[in-house]
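Notes follow the structure.
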Amino acid sequence: MTSRDVKIDPIKVPDVECIIQEVSDRQRKKNNIILYNVSENVLNNRNDQVAADMELVGELLQMLDVSVDNLRTIRLEKIDSSRTDMKRPIKVCLPDGDIASKAFQRKQKLRTSDKFKNVFLVKDKTPMQLKSYRAARQELQTRKAAGEIDVYIKYINDVPKVVKAGAPEN
């Protein structure tokens, strides 16, 4: 066999690049969590706003018994000057994916706090992961509308699947 005999399918090359990009994005995002429904103090100085967010996130992580020396916070979405009750999500970039996992596993502790009981903590997901979740949610709604009961979304190996309660795992 010579090099002329080997044929490369041009359609599969972009697929491989997409897969590599997805794996890279997932590796990068596994260190992050996103906080929703966090009140925001509208401060004139951007540095003061960042410091206030860092203090708030530090307090939240302390409540979850997660200690972090160096983290970064980013407010997502643009500022809407017409609103007075700003609640833009905060992306928290942690130094390690294990720290993010620990915070995620302990998120129920937030419900016991008056200050954080309405805050939602989620994993940072890639567009492909969000698309997969939306498809599972749509399947769940369709199955429930068809009269199926005791079905829910369960993550199996980080992939959302619609499963029936009590059914054996695959």
(message) Rounded to the nearest angstrom and ordered from largest down, what semi-axes does the equivalent ellipsoid of the range 128-170 get from its C-alpha gyration tensor (root of 5λ)?
(response) 17, 15, 5
(request) Counting only C-alpha contacts under 8 Å and six or more residues apart, can you give the relative contact order of the range 57-170 as a whole percent? (result) 17
(message) Sort Cys18, Cys93 by heavy-atom solvent-accessible area, probe 1.4 angstrom, most to least.
(response) Cys18, Cys93
(request) Let me know the volume per residue of the alpha-carbon convex hull for the range 34-170, in Å³. (result) 159
(request) Can you check what the net charge comes to around Lys115, using other residues whose Cβ is under 13 Å from the Cβ of Lys115 (Lys, Arg +1; Asp, Glu -1)? (result) 0
(message) Counting only other residues whose beta carbon sits under 13 Å from that of Gly97, what net charge do I get with K and R as +1, D and E as -1?
(response) +2
(request) From largest accessible area down, sort Glu17, Glu148; use a 1.4 Å probe on the protein chains. (result) Glu17, Glu148
(request) Determine, from the Cβ-Cβ distance of Cys93 and Tyr133 and an R0 of 25 Å, the FRET efficiency 1/(1 + (r/R0)^6), rounded to the nearest 0.05. (result) 0.70
(message) Give me, ordered by chain and number, the residues 5 or more places off Asn32 or on other chains with an amide H under 5 Å from its own placed amide H.
(response) Leu94, Asp124
(request) Between beta-carbons, use under 14 Å as the cut-off and find the net charge around Arg26, counting Lys and Arg +1, Asp and Glu -1. (result) +2
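The values are calculated or read from the model by the stated rules, or taken from the named source; none is laboratory data. What you are looking at is a predicted structure, and each value in this text was computed from that prediction instead of being measured. Here the Cβ is made from the backbone with ideal geometry for all residues, glycine too, and neighbour counts use every protein chain on show. Surface accessibility is based on the protein's heavy atoms, side chains included, excluding ligands, DNA and RNA. Shrake-Rupley method; radii C 1.70, N 1.55, O 1.52, S 1.80 Å.
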